[in-house]
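These notes are about the structure you will find just below.
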């Protein structure tokens, strides 16, 4: 088998994994909508929440039952175009599969009430929502909607999308609270908060860590950082306060997800290395992010 054929087989295998995980994530998210979200009459953020609000407006005020899929697809049309043009074609393709599959599952799965406790509904619904979104992100796809906009603004424009998305979700909850009751809107805030915090824990690719590495093998450590993370490093001269020996400090910023494999690898190169990993809140300048396919 030639190298080209091996590469093609590898790509096809990865695409099969992506497709499987995306379909599983679509089912998990749809099941969450038809259980916790439906039972609690909650409103998730983004296109999903807006779709549910539109459905309930038609049912409550017009007496018309409309399906989830067509509304959600229409709302995702612009984000999908942004993803296709600016982020990645295959990334957008699998995200589209997620959007369509999730919609079909929502329309097919019957509503089931697991519990009537609104706090349990908000907390566990938020957790399951975060799990479904993380499953997509792990295989380079999204659940659609604001995820496309967030990635586009952060990767292509260098803009923190969180305030914009927060403002949009706030408007959405105000509308939902006014139309359907403020208690549902307030529990939806808990749902969204739990989902955001869980997602922050489960998916760390867009988080950054600053590494200060005191080592006797600075060249090897710098080469390791570049080979594993595609990030450079800066060398700083230092002096030990106890023995007054000259020390080199390797300074670098890497993705938080990379630290799990990078720090053990540094310790293999230099078992005596001292590594300080700090959460990076804000950064200016070039920072490599693996391009979406």
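Each reported figure results from applying straightforward, stated rules to the coordinates on display, with no laboratory input. Since we're looking at a predicted model, the values are computed, not measured. Note that we place each Cβ from the backbone using ideal geometry, even for glycine, and neighbour counts take in every protein chain shown.
What the table shows:
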item: Residue of 215, 35, 48 that the Gaussian network model of the chain assigns the largest fluctuation, springs spanning Cα pairs under 10 Å; result: 215
item: Along each principal axis, Cα extent of region 208-279, largest first, Å; result: 35, 22, 17
item: FRET efficiency estimate (nearest 0.05) - Cβ-Cβ, residue 111 to residue 16, R0 30 angstrom; result: 0.40
item: Sites residue 179 and residue 261 - FRET efficiency at Förster radius 45 Å, r taken between beta-carbons, to 0.05; result: 0.40
item: Folded to 0 to 90 degrees: helix 46-57 orientation relative to the chain principal axis, Cα; result: 10 degrees
item: Distance between modelled label sites at residue 242 and residue 81, nm, 7 Å Cα→Cβ extension; result: 6.4 nm
item: Per-residue Cβ neighbour rank within 10 angstrom, fewest leading, 27, 193; result: 193, 27
item: Helix axis angle, 146-156 relative to the chain longest principal axis, alpha carbon, degrees; result: 30 degrees
item: Ranking of 244, 200, 231 by count of other Cβ atoms within 10 Å, fewest first; result: 244, 200, 231
item: Taking N as its residue count, the alpha carbon Rg of region 65-150 over 2.2 N^0.38 Å; result: 1.20
item: Relative counts (whole %) of C-alpha pair distances in region 3-202, using bins that are 5 Å wide; result: 1, 8, 15, 20, 21, 16, 9, 5, 2, 1, 1, 0, 0
item: Chain lengthening between residue 202 and residue 274 when straightened (0.36 nm per residue, less Cα-Cα); result: 23.2 nm
item: Inter-label distance, nm, simple model (7 Å from Cα along the C-beta direction), residue 193/residue 226; result: 4.6 nm
item: Packing-based exposure ordering (other Cβ within 10 Å, fewest first) of 183, 15; result: 183, 15
item: Distance from region 250-275 to region 1-54 (C-alpha centre basis), Å; result: 33 Å
item: GNM flexibility winner over the chain from 279, 55, 197 (Cα, springs under 10 Å); result: 279
item: Percentage relative contact order, the chain, counting C-alpha pairs under 8 Å, at least six apart; result: 20 percent
item: Helix 89-108 axis, angle to the chain major axis (alpha carbon atoms, nearest 10°); result: 30 degrees
